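Data block below; observations after.
We did not get these values from a lab; they are worked out from the coordinates using the rules stated. Since we're looking at a predicted model, the values are computed, not measured. Quick reminder, even Gly has a Cβ in these numbers, built from the backbone with ideal geometry, and neighbours come from all protein chains shown.
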Amino acid sequence: MNAPRAASKADPSDIRVINRLLMFDLLFPQNRMSRAELGRQTGLSRVAASEAASDMLDKAILRESGTDEREGRGKRGRLLTIDPDVWRIVSIDLSQPYVMRGALVNLQGRIVHRMEIPLEAANTVSLDDVIDTIRELIDRADDHVLGIGISIPGVVTTEGRVLLSANLGWANLELRDLVEGEFGVHTRVCNDANTALLAERFLGDGGPDTLFIQITSGIGAAVLVDDKLVYGIGHAAGEIGHVVVDPDGPECPCGKRGCLETLISAPVLHAQLINNPDQRQEILTLAGERLGTALSVPASLLDLSDVAIYGPADIVGETFLSAAEQTVNRLTSSQFHTPTRVRRCEQGDDIVLLGQAVAVMQARVGRL
């Protein structure tokens, strides 16, 4: 679960946080291990592993689940697993047009209750609506809320300040502070592509070094390097939608021409496919080639070989994926760079809700 790095002169409490996260990571979402096995795989001493396990048992993060049935002498060790029945995470997804989605998620990454609030306009949501939805979800959690997570399409700082969400019409909004002030519960506010990548990493097929592309009303991206999200100095890492791939292309609202978003976003491609049904393969091949061109620089620069693409099934299929993969590999080919695999992300519509829950777990499990 991406444990933080220890400082050179680590506070004992920091060490305990790291130990808990190391063990939680091995058990997430539904693995079972004995204390001895957790100690072996984390490299912790018997005392440290036992202390971390006991602490998480006391706080209802873990629970005992049967005994180790492997052959051998000695006392059978009790198996530990993540407890799904006590703590809940309130997760809010503001990235979808015409709907605000909310959920209660347990510590095994499963949704136990969900809400969908229709919106009158595509991206019109008020803070009062967000607060009311969170309050209703908290009431259903019986006061066992580990944290609150909110995913936003836009530029968000690691401190939970929304610098800009053009879709929502929000700018310089201290959203985390507002929500924490209202409920007194730890809150994380994140970019939606970043949280989607966390779901792909910890609940899907993503590895510790993955480039994630999200094709919806726009084009977003997120990057995981050595199991750490890349944010950028201005918190705008992943803004691949405004990379120019055709200087003579359509004008973009950002002021440039031929931005990736104007050429391969879901609405653009759907319109082309509707108007030219007999040119489906040509349209999707060109779209995949354009994405592959844009991906070639980050894939080569960061030496990434895993690209996961999330988007509508009628777009992100074999034709599109094959064209993107062939293009990125043609443009990055060298004796040192491992060929890049471009694949479809199959996490489904709950990807942002679940990824936001993972983000809250990363922040709270070790510090509860």
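Restricting to the chain, what percent of DSSP beta bridges are antiparallel, rounded to 5? Present the calculation step by step, with values, prior to reporting the outcome.
On the way: 33 of 52 bridges.
If we restrict to bridges inside the chain, about 65 percent are antiparallel.
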Among beta bridges that DSSP assigns inside region 205-344, antiparallel share in %, nearest 5: 55
Helix axis angle, 318-332 relative to the chain longest principal axis, alpha carbon, degrees: 90
Helix 46-58 vs. the chain, principal-axis angle (Cα, 0 to 90°, nearest 10): 80
Mean Cβ count within 10 Å, highest first, over the residues of peptides 215-224, 344-353: 215-224, 344-353
For H113, distant residues with modelled amide H under 5 Å away: L104
Expected 222 nm ellipticity per residue - DSSP helices of 4 or more, -39500 (n - 2.57), all of the chain, to 500: -12000 deg cm²/dmol
Crossing angle, helix 127-140 versus the chain [Cα axis fit, 0-90 degrees, rounded to tens]: 30
Translational diffusion coefficient (Stokes-Einstein; Kirkwood radius from C-alpha pairs) of region 194-277 at 10 °C, 1.306 mPa s, in µm²/s: 113
Whole-number D in µm²/s for the chain (Stokes-Einstein; Kirkwood sum over Cα pairs; 10 °C, 1.306 mPa s): 72
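Apply 1/(1 + (r/R0)^6) to the Cβ-Cβ distance of L368 and R78, taking R0 = 30 Å, and write down the FRET efficiency to the nearest 0.05.
Efficiency for this residue pair is about 0.90.
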Simple spin-label estimate for I15 and K59 in nanometres, 7 Å along Cα-Cβ: 1.7
Under the Karplus curve 6.51 cos²θ - 1.76 cosθ + 1.60, θ = phi - 60°, whole-Hz ³J(HN,Hα) for region 110-121, x wherever Gly or Pro sits: 10, 7, 10, 7, 9, 9, 9, 10, x, 10, 5, 10
Given charges at Cβ of Lys, Arg, Asp, Glu: the chain dipole, positive-most of V99, G109, A266: G109
Size descriptor, Kirkwood hydrodynamic radius, that averages inverse alpha-carbon separations across region 205-344, Å: 15.2
Region 205-344, relative contact order [Cα under 8 Å, separation at least 6], %: 24
Distance from region 283-337 to region 150-219 (C-alpha centre basis), Å: 24
Peptides ranked, highest mean first, by Cβ atoms within 10 Å: ranges 272-285, 250-263, 292-305: 292-305, 250-263, 272-285
From phi via Karplus (6.51, -1.76, 1.60), per-residue ³J(HN,Hα) for region 166-182 in Hz, x at Gly/Pro: 4, 4, 8, x, 10, 8, 6, 9, 7, 5, 4, 5, 5, 6, 4, x, 6
Other-chain or far-sequence residues with amide H under 5 Å of L79's (modelled H): S65, G66, T67, D68
